[in-house]
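The values are calculated or read from the model by the stated rules, or taken from the named source; none is laboratory data. Small disclaimer: the values here were computed from a predicted structure and weren't measured. Don't worry about glycine lacking a Cβ; one is built from the backbone with ideal geometry, like all the others, and counts go over all protein chains shown. To get the accessible areas, we keep the full protein, side chains included, count just its heavy atoms, and leave off ligands, DNA and RNA. Shrake-Rupley method; radii C 1.70, N 1.55, O 1.52, S 1.80 Å.
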Amino acid sequence: MPKAKASEETKKELKEMAPEAAPEEEEVLLKSGDVGAGMTPEESAAPSAGAPAAEAAGEAPSAKRESVMATPQYIFKQVSNIVFGVLSPKLLKKMASAKVVTPELYDKEGYPVDGGLMDIRLGVIDPGLRCKTCGCKLKECIGHFGYIEMARPVVHIKFVPVILSLLRSTCHECGKILIPKEKLEKSKSILEKIEIEGGLRARRKAIKTIIDSLKAGNKCSHCNAKQSKISLEKPTTYMEGERRLSPIEVRARLEKIPDEDAMIFGINPATVRPEWLILTVLPVPPVTMRPSITLETGERSEDDLTHKLGDIVRINQRLFENINAGAPEIIIEDLWDLLQYHVTTFFDNDVAQLPPARHRSGQPLKTLTERIKSKEGRIRHNLAGKRTNFCARTVISPDPFIKVNEVGVPKVIAMKVTVPEVVQPWNMAYLKKFVERGPGTYPGANYVVRPDGKKKKITEETKEAALEELQPGYVVERHLMDGDITIFNRQPCLHRMSTMCHKVKVLPGRTLRLNPTVCAPYNADFDGDEMNLHVPQTEESRAEAEILMQVQTQLISPRYGLPVIGCLQDSLSGSYALTKFAELSREDAIQLLIRAGVTDVGKLPNKKTVNGREIFSVMMPDDFNFEGESRSGAKIVIKDGKLVEGVIDEKSLGEGSGFLLRALHRQYGSQTTIDILYKVFTLGNEYLQMTGFSIVISDFDLPSIAQEQIEQAIVEAENEIQTLIQQFHEGKLEAFPGRSVGETLEFKILELLNKARNKAGQLVKEHAKKDTDTRIMVDSGARGNILQLSQISAIVGQQALRGKRIEKGYRGRTLSCFKKGDISPLAHGFVRSNLKKGLSPQEFFFCNITGRDSLMDTALRTPKSGYLYRRLANAMQDLRVEYDGTVRDATGKIIQFKYGEDSVDVSRSENGKINIQRIIDTTE
Amino acid sequence: MKAKYDVTKHALVPKHAKASEKEKKDLLESYNITLHQLPRILKSDPAIDHLDAEEGDVIRITRASPTAGETVFYRRVING
Ligand SMILES: [Mg+2]
Ligand SMILES: [Zn+2]
Ligand SMILES: [Zn+2]
């Protein structure tokens, strides 16, 4: 192998040969063939195919390493193309550094056996040993392939479908494709087109269809040989009619296929000869990818792959012996089948028709396919899902006293997660203090990194030396401090606002703290939610996070063009109450504003008493003009920074609406908006703190007139239903078109009951005590709605199960306390009582039916919609809006001719719309 | 197989029409694309059954759009 040679070359020679470092054999895949002429990437995902590429690529770095260490001599290379192919038996033997002939692993001394699966020519996994192939130690040697000479060829499970289509579409006598010469050109051009549309898979599928459509009978048009039907007996047995084709015969047929005909199948014979799809030589992966682990007891535990390879070698040797001894064909066949089974499960231990190979404990072996596939596999677990240092995760809790773009970090975390700071002449004294305090006192430092990359832990003993040593160029890993840049995140990361940049605020306690206004973008609550914190370690990443990811940059949702961050809960109730009712003395007003973080109260009118709108106006910029609506539909007018008219509620400040915030953002930018948001948020909270806020049971009292009217509405509905039911029994009820009489009755009953309930709701809205704290919550949009209010004070109403009244339960009735066939409202889930008065047992039961149903529904819907979202995100991840306004995929195909059909950038719009009138009005 | 129901009469089926050779050329030129980069529609699609479209033709679809009022979309006809 050239590799062993390369590492012994002198530096100069190495430099010369490095650009051509790939081995000079003709068969090396990296250089041969053109892109796309090989097999589909999926089919060549089997380890054997990727091997030579890995070997050739591994060549340069491993040889390079020594020279780089001394003097950095970089060798730049550009990948011009990648070819996927299948290894030929010849190349397999050539690239192997050992032939494996014995299933034994170690001798009596525990030393790897020559020709065994742990042969030290295949790489080293023991600290003391040196690799016999490259002479490197543990961790330096990347490992080397070996091979097993198969006593009889076997089928490669991943190539079964390709082989089948090859066998079916070619002549068993002459090997030529079963398309007559004169039709070949036309077929080729059709296939070419199909490949452009649907790839190689579609191409191979089409070959069979073309052959069938030619109706050439079952004769080869080239040699007139009669063809019989070839079928697959899953997983790996090919049948010709009733006769079994052994892998030897299959291979012989594949050998006959001419190169030109192989091309028709989308197989480039330079990289894949059809017969290579049958295994005559099995590559043995390097020991470095299947290391054994030493248990505490001193016992060795081998990797699953080693176990499986051991099985293969053992059966293979037995097969050899039996063949040589001239054993009866039945015994040989049996062993052959067993070998096939072991080789198949070596590649894939999850083949539908085969029992998976198991450990003695009964748990299935993890072989090659299992290493790559699924969520726990190499791709999704190790490549797509990376783990990092300098991060933290704990339970979150709210803290309205920290800024919106801050995150409260517990001291214990701040002392573990660090920030690297480079020592400079001007910050030397500053950083020395951190080192002096060490890892135990906050704010200290945990490590000192020397310019050569050596990392030293600071302890009581090493502290003095580290201080002594410290000089410009060193790096101190100091504790996290207030103002440090961090990245904060909560799963599931459904949109970009699920990961935002916050500044650190170190706090006592053991939870991560966040301002409740950012709950909405993270979709977080505090019922035990956990969140992740990451600390960027370089200046570049910190700058990037600060500029692109900070909370204020994420204010406006790119989904609907309105704020995703807004006031909630108490601050909404507070702002509403303040702007609607408040009359405060000037002193109280100033006190309130100061607590909200306003320092300049000069805007407050110089009067003995001021009202809430005047207090609110103090926070608005002086030149701000705004016209909007409150939730009730009343006008809101802000003129020259003064709230002249209207009440501030959820529609102005809330998440997902927040039109006032949107207007502020448009005019003053994100920083001002977030500052005002924080002040308004605190003002609302503080106002509630000042005035007190609580609910009373009497908030839900209704005046007797209202109670009577509600009762009357319900009785009326019940009477009407009674007449309907009577008509139904007498057969006088007329059915709606396309409905049965029963359905019509159900429909009418439901309609009447809903009407009664809505009437009750309306009455509650009109008659329930105004301006109670309960109503403030409802009217401001902070919590609760009128429907819930009327359920408490008037009537709960019909419980619906899948759009119908409740039908479930006993035969002909819902509960045993009802008569059979009773279709009255009360027997089918109509809850006549209200929650204040209390429910009857039946009513309570009905409420629980629907309650349980909706619980089930959410529990089942969450994973379903999550998967749906994942598929959508994966399908659309590389779509983008081009400069010409079209939406295109990665290949330049058009998906949409105009983004969103109207070319509106939603994040620059208001709720998806662009107010052209205002643009005209505001431009001179 | 003859279609039993004329889908073009249905309210939810947008208007499909065959684009003229000139329109097709202008379209490809204005987006600087090849025919291959256009979205596809099957020749057997019931909505273009009445158009006698051939592979490579471009179909202009005029749809009602919730954002833009009315929008025009193009598809190339493929076999199948
Ligand atoms: Mg939660
Ligand atoms: Zn080695
Ligand atoms: Zn033939």
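Things worth noting here:
- Among the residues of segment A:525-537, those identified as in contact (Cβ under 8 Å) with a residue 12 or more places away in the chain and either exposed (fewer than 14 other Cβ atoms within 10 Å of the Cβ) or within 16 Å of ligand 3 (Cβ to nearest atom) (or both) are A:Phe526, A:Gly528, A:Glu530.
- Reported count of residues in segment B:27-66, each being away from every other protein chain (no Cβ under 14 Å), surrounded by fewer than 18 Cβ atoms within 10 Å (Cβ to Cβ) and of a type in the set (D, E, K, R), is 3.
- Boolean, A:Thr306 is assigned to a helix (DSSP H, G or I) and either open to solvent by 10 Å² or more (accessible area, probe 1.4 Å) or in contact (Cβ under 8 Å) with a residue 60 or more places away in the chain (or both): yes
- Strands (runs of 3 or more DSSP E) enclosed by segment A:205-299 - at least 2 residues per element that are in contact (Cβ under 8 Å) with a residue 12 or more places away in the chain, open to solvent by less than 20 Å² (accessible area, probe 1.4 Å) and more than 16 Å from ligand 2 (Cβ to nearest atom): A:278-284
- Filter pass, A:Ala545 being farther than 24 Å from A:Met619 by Cα and touching a Pro at 6+ places or on another chain (Cβ under 7 Å): yes
- Top-ranked residue in segment A:899-911 [being more than 8 Å from every other protein chain (Cβ to nearest Cβ) and part of a loop (DSSP other than H, G, I, E, B); ranked as surrounded by the fewest Cβ atoms within 10 Å (Cβ to Cβ)]: A:Asp905
- Filtering A:His381, A:His359, A:His342 for residues that are at pLDDT 90 or above and either more than 30 Å from A:Gly566 (Cα to Cα) or open to solvent by 60 Å² or more (accessible area, probe 1.4 Å) (or both) leaves a single hit, A:His342.
- Meets criteria (free of Cβ contacts under 8 Å to residues at least 24 places away in the same chain and buried (at least 16 other Cβ atoms within 10 Å of the Cβ)) for A:Ile458: yes
- Residues within segment A:793-803 that are within 42 Å of the chain's Cα centre (by Cα) and surrounded by 13 or more Cβ atoms within 10 Å (Cβ to Cβ), tallied: 6
- On the stretch given as segment A:125-137, residues that are more than 7 Å from ligand 2 (Cβ to nearest atom) and either touching a strand residue (DSSP E or B) at 6+ places or on another chain (Cβ under 9 Å) or under 19 Å from A:Thr306 (Cα atoms) (or both) total 3.
- Residue under evaluation A:Gln896, criteria (1) more than 14 Å from chain B (Cβ to nearest Cβ); (2) open to solvent by 50 Å² or more (accessible area, probe 1.4 Å); (3) within 27 Å of A:Pro492 (Cβ to Cβ), criterion not met: (1)
- In this structure, A:Ile916 does not satisfy being surrounded by 10 or more Cβ atoms within 10 Å (Cβ to Cβ), without any contact (Cβ under 8 Å) to a residue 24 or more places away in the chain and not assigned by TED's automatic domain parsing to the domain that holds A:Cys493.
- Filter result for A:Ile120 (open to solvent by less than 40 Å² (accessible area, probe 1.4 Å), touching a Cys at 6+ places or on another chain (Cβ under 8 Å) and not assigned by TED's automatic domain parsing to the domain that holds A:Ser231): yes
- Subset tally (residues that are touching a residue at least 60 places away in the same chain (Cβ under 8 Å) and within 16 Å of A:Glu149 (Cα to Cα)) for segment A:99-118: 5
- Where helices (runs of 4 or more DSSP H) fall entirely within segment A:582-668, those with at least 3 residues that are free of Cβ contacts under 8 Å to residues at least 60 places away in the same chain are at A:586-595, A:612-617.
- Scan of segment A:384-400 for residues that are open to solvent by less than 100 Å² (accessible area, probe 1.4 Å) and either over 27 Å from A:Leu533 (Cα atoms) or touching a residue at least 24 places away in the same chain (Cβ under 8 Å) (or both), ordered by number: A:Thr388, A:Phe390, A:Cys391, A:Ala392, A:Thr394, A:Val395, A:Ile396, A:Ser397, A:Pro398, A:Asp399, A:Pro400
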